[in-house]
Amino acid sequence: MQHFPIFLAVAGQTIVLSGGGDAAMAKLRLLFKTEAKLVVITKNASPEIIRWAAQGKLTLVNRAMTSGDTLDAALFYAANEDDVEDARVAAIAKNEGALANIVDNLADSQFITPAIVDRDPVTVAIGTEGAAPVLARAIKADLETRLPQSLGTLARIGKSFRHAVDVLPLGRKRHDFWASFYFGSGPKALEENGEAAIIPTLETLLDQQIMATDTAGHVDLVGAGPGDPELLTLKARNALDKADVVIHDRLVTSEILELARREAIIIDAGKEGFGPSMAQSEIDALIVEHAKNGHQVVRLKAGDPTVFGRLDEEIAALEAADISYRIIPGITAAFAAVATIGQSLTKRGRNSAIRMITGHDTKGYADHDWAALAAPGEVAAIYMGKKSARFIQGRLLMHGADPATPVTIIENVSRADQRIIATTLGALEPTMSNAGLTGPAITFYGLAPRDAAAQSLSLKEFA
């Protein structure tokens, strides 16, 4: 992020603009939405700008800009549509302490003006850091249709009522009050009885919330998927949006954590095989503690919570504490990974079952039915198999597996930095060690990426 988005207080402040043509008028139409004092400095003001000055919308200075013109300005726009003149006046503004924007010159501007959806006092700013203005306008157009004009009215009147809501404690009660108003009783009151009905509606809603008993805590055991936020289910997104506390494991990506409410408490309860970990008993206690405090808790696990996620132990702790819970499934890494390599987990004539195994458990390297796995055509998705690769390789070869059996390692499944490494069982080590994997990886035994498999088949046919 090269430009940090903020909302600048400009009420009563001075904004100076240099220029008098189309670019200047476009900026002024946007600046008229503010409560700032507008000053335009130009020798060539358009008739529209002259008319706006006559109407008292701005102060017009009919000359070229000179030193001292921006001493009290909060913002400055160079909109002369002349590179040399824009550079000259922007230098004056910067020297005098004003933040300067040069229209259509991202590199030399100190700030940029986003595309804006105006539902005053609700304002949505959309920026692409100058990379794609057309995209910003498309997003703006989409939001314009989604956000009703009445939203501004509800927010304006709701703002005047905020001091009364201070009687409610911070957290769930206050959140529920405003959610009920903005997404339920408020729009209904406005539609049926107009603005006059909004304050009485707020007062009634506040009385109800004051008298309401505290809500019981609840836990959602949520699958975060393999990492791509677009693979998160709608139910999981809704749970994150309502959560007071999010307790996540170390494989949950930052992009998914960004979807949680800003007010939510985010707790890293990460575990690492053969490395530093928070004990499962500590995690269980943490979940129970927050739920007993009346919080809506999301226990967020990478992939699906039912696959190697210690889910049963957490459910047992919740049931022992008489806390309600819900399981929200996610896309497990094996499903996302096999889609990535263009293969199917099962295939007629090859395998009618898929084994999902772990490379290690709480006691160390995990043992499995190696003889069954070594049979031709078997397919297995191996979770947490990086450090146990040599152990797995040795056990399979020892039980007669073909060294030429395809093996595919997928690191950071579904993420932007995903890596696919195709090898064989005989070369699994040292391939795994030499790959220098730093992210989570899943290993497919018995599957090759579709392109590699097709090439291998062609070579056999040719031979």
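Every number in this text was worked out from the coordinates using simple rules, so none of it is lab data. None of these values were measured; they are calculated from a predicted model. Backbone-built Cβ (ideal geometry, glycine too); neighbour counts: all protein chains shown.
Numbers at a glance
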quantity: Stokes-Einstein translational diffusion, the chain - Kirkwood Rh over all Cα pairs, 1.002 mPa s, 20 °C, in µm²/s; calculated: 78
quantity: Hypothetical label at K387: residues of the stretch 411-429 whose amide nitrogen lies under 19 Å (7 Å Cα-Cβ projection); calculated: 411-412, 429
quantity: Cα long-axis angle, helix 311-320 against the chain (0 to 90 degrees, to the nearest 10); calculated: 70
quantity: Full-extension gain in nm, D82 to E48, via 0.36 nm per residue minus C-alpha separation; calculated: 10.2 nm
quantity: Under-5 Å amide H pairs with I328, H placed in peptide plane, nonlocal only; calculated: L221, V222, G223
quantity: Whole-angstrom gap from the stretch 28-105 to the stretch 417-438, using each part's C-alpha centre; calculated: 60
quantity: Entries of K27/K94; K43/K159; K37/K173; K235/K387; K173/K301 with Cα pairs more than 31 Å apart; calculated: K43/K159; K37/K173; K235/K387
quantity: Relative contact order (percent, whole number), the chain, Cα cutoff 8 Å, 6+ residue spacing; calculated: 9
quantity: Separation of alpha-carbon centers, the stretch 180-219 and the stretch 277-305, rounded to whole Å; calculated: 31
quantity: The chain, helix-only ellipticity at 222 nm - DSSP H runs n ≥ 4, -39,500 (n - 2.57), divided by all residues, nearest 500; calculated: -10500 deg cm²/dmol
quantity: Candidate lysines for bridging to K33, where Cα separation is under 16 Å - those fewer than 8 sequence places away on the same chain excluded; calculated: K57
quantity: Pair I116, R450: separation of 7 Å Cα→Cβ label points (nm); calculated: 4.8
